[in-house]
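Only one structure is covered here, and it is reproduced in the block below.
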Amino acid sequence: MLKSRQELKDLREKCERAAKDEVRKILVCSGTGCVASGATDVYDRFKGLLAQLKIPCSVSFIEDGHGVGLKRSGCQALCEKGVLVRVEPEGYLYTKVGVDDCESIVRETIEQGRHVERLAYRDNLGGLCKRVDDIPFFKKQLRLVLENCGNIDAESFLEYLSVGGYSSFEKALFDMEPQAVIEEIAESRLRGRGGGGFPTGTKWRQVARQDLFPKYVVCNGDEGDPGAFMDCSIMEGDPHRMLEGMLIAGRAVGASEGYIYVRAEYPLAVRRLRKAIADLEANGLSGEDILGSGFSFRFRLNRGAGAFVCGEGSALTASIEGKRGFPRVKPPRTVEHGLFDKPTVLNNVETFANVTVIIGRGADFYKKIGTESSPGTKAFSITGNIENTGLIEVPLGMTLKEVIYDVGGGMKGGKRFKAVQIGGPSGACLTEAHFDLPLDFDSLAKAGAMIGSGGLVVADEDTCLVELARFFMNFTQRESCGKCVPCREGTKRMLMILERIVSGNGRPTDLDNLLDLAGTIKATALCGLGKTAPSPVISTITNFREEYLAHIMDKRCPAHSCEKLKKYYIEPELCKGCSKCQKLCPSNAISGKVKETYSIDQFVCSRCGACVPGCKFMAIKEAW
């Protein structure tokens, strides 16, 4: 157990030397996506091969000494290409690695230093990218929060020390007064990365000046937006960076306990956080009188019950307390009466990870990145109909077009870009008209959108935006806690209208009714999640009104996506009058006489498509 600042420094220096002693590193991506694709088997195969070939292999860092460092890293960002394996110092990145590929990597790269071309990443034009730095996906990124994700063993406390781990906390603990820590965060103009963008320094000041004790630090790891996995990747790939930020916050505001609230659907993140917390306790960086400084701090880990509403601050603290996750009326706010009715610093995973960067490198360094009102970087998960799906981190203020085309690689299969949903169910839909829009808190707010937690769901020309709005409204309605009438009943009514539209039963008054309901919910819902629930519907109506009207007035889906608007008809020239389609139709929509042409009654047809495979003459066609 470390008992002083000097002992921490000595151990860090020892870890730095051990990292330099590793002649090569094999980093097997072990984020959730790659684990699901077989990363554990790939790791075990590498370990067995290295032992079989008698190549010195280090799997537990300092204890194993020199050799090849074999590591379970965090997410290496190009999620669609997993299992990802990177070899250092060459910087070779191998994609879609299977167990059978491990021997080629060991024989050719580890033993001879040669590149295995068949496993390399190829760009949109088929160009070979040997190294990580050659891949366009990474060229415009700036990885501060994700700096260690994919570069170190995600489960190793010692390896985190080897890259300067806990030096920011050490600085805050011994070289800065608590008020100076708060002022440094305020000077950096860091804004909360959970979605609201509230100034972090202001929040910490408000907690620090409260006279009530004890005070608490709470980390919101309840990342519930569909398509969002930034916080998950940080907790899985670099948990100590987040924990270090929480320690700094505790020191700054005078809190002695930190609670981490994590989705139950993130079991790998939970396991790695538990190990990281246990390592801190074993090494004296958590508990009583840390490093002999007089400062005490302990971590507690809570698993959420899978409720989207528990991402809202007051519902989250209620859940930690063992109550039902209901939001409450504000004020009072969490900074005054938060967890257990005491002053509470509540920030999300990415915010605490940024704190570690700011204290370590200084507010002046941080302010040079991003925009004046939104400094720093933002991590986004980019999914949907785009070439490079995965985890990215870019300076705030980068334009939407740069993110979609320069980082994301453009649309899959050369399709036309249609829209991107930013901010999940609480966000809005952006179009080509927004390509030059800087992705920062204020610019997005002016455009009627929000960063939210950072999910980007990209849609191409084949995506129906009415159906996309229905999907998000369905999610929000199911996840409504039910406490307030506007959200509980209003979202249900909006969902009913949207379902009617996509099923071909839309009415001329539906758009006005949707917008009226949306305005009422935004104005009267109890919490922020309820107030923003109609945003995807409002933005899609604003930007794609003609698509809604096609569904309602013409009973037609321009994207050819809504199955209920698909029509089946029989080509008279091809029909032989065999009657098989009539026998297959469950709704009795097909009529005719044997050896004569049959027809389909469009008002009776259920659009099930059962008749299509049954016609051996291929006389039944689809129409939109």
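Brief remarks on what is shown
- Region 575-599, residues that are at negative phi, assigned to a loop (DSSP other than H, G, I, E, B) and touching a strand residue (DSSP E or B) at 6+ places or on another chain (Cβ under 9 Å): Cys575, Cys585, Ala589, Thr597, Tyr598
- Within region 168-206, the set of residues being under 16 Å from Asp364 (Cα atoms), out of contact with any strand residue (DSSP E or B) (no Cβ under 8 Å at 6 or more places or on another chain) and not small (Gly, Ala, Ser) comprises Val181, Ile182, Glu183, Glu184, Ile185, Glu187.
- So Met450, is it surrounded by fewer than 24 Cβ atoms within 10 Å (Cβ to Cβ), hydrophobic (A, V, I, L, M, F, W, C) and at pLDDT below 90: yes
Matching residues to (1) buried (at least 24 other Cβ atoms within 10 Å of the Cβ); (2) assigned to a helix (DSSP H, G or I); (3) not aromatic (Phe, Trp, Tyr):
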residue: Arg193; (1), (2), (3): yes, no, yes
residue: Gln206; (1), (2), (3): no, yes, yes
residue: Glu223; (1), (2), (3): yes, no, yes
residue: Gly227; (1), (2), (3): no, no, yes
residue: Met242; (1), (2), (3): yes, yes, yes
residue: Gly245; (1), (2), (3): yes, yes, yes
residue: Ala252; (1), (2), (3): yes, yes, yes
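- For region 268-313, the set of residues classified as among the small types (Gly, Ala, Ser), closer than 27 Å to Leu529 by Cβ and surrounded by fewer than 23 Cβ atoms within 10 Å (Cβ to Cβ) consists of Ala305, Gly306, Ala307, listed by residue number.
- Number of the condition not met by Leu400 [criteria: (1) touching a helix residue (DSSP H, G or I) at 6+ places or on another chain (Cβ under 8 Å); (2) under 30 Å from Leu243 (Cβ atoms)]: (2)
- Some residue of region 139-154 being farther than 24 Å from Ala315 by Cβ and in contact with a Pro (Cβ under 7 Å, 6 or more places away or on another chain): yes
- From the list Ala307, Ala282, Ala318, Ala276, the one residue that fits, being touching a His at 6+ places or on another chain (Cβ under 6 Å) and either without any contact (Cβ under 8 Å) to a residue 40 or more places away in the chain or of a type in the set (A, V, I, L, M, F, W, C) (or both), is Ala276.
- Residues (among the β-branched types (Val, Ile, Thr) and surrounded by fewer than 22 Cβ atoms within 10 Å (Cβ to Cβ)) located in region 526-540: Ile538
- Filtered residues of region 254-268 (kept if farther than 18 Å from Ile234 by Cα and either assigned to a strand (DSSP E or B) or free of Cβ contacts under 8 Å to residues at least 12 places away in the same chain (or both)): Glu257
- Pairs, first farther than 17 Å from Ser319 by Cβ and free of Cβ contacts under 8 Å to residues at least 60 places away in the same chain in region 329-340, second surrounded by fewer than 16 Cβ atoms within 10 Å (Cβ to Cβ) and not aliphatic (A, V, I, L, M), C-beta under 6 Å, six or more apart: none
- Thr540 meets all of the listed conditions (1) in a helix (DSSP H, G or I); (2) polar (S, T, N, Q); (3) closer than 17 Å to Gly504 by Cα but one, namely (3).
The values are calculated or read from the model by the stated rules, or taken from the named source; none is laboratory data. Since we're looking at a predicted model, the values are computed, not measured. Quick reminder, even Gly has a Cβ in these numbers, built from the backbone with ideal geometry, and neighbours come from all protein chains shown.
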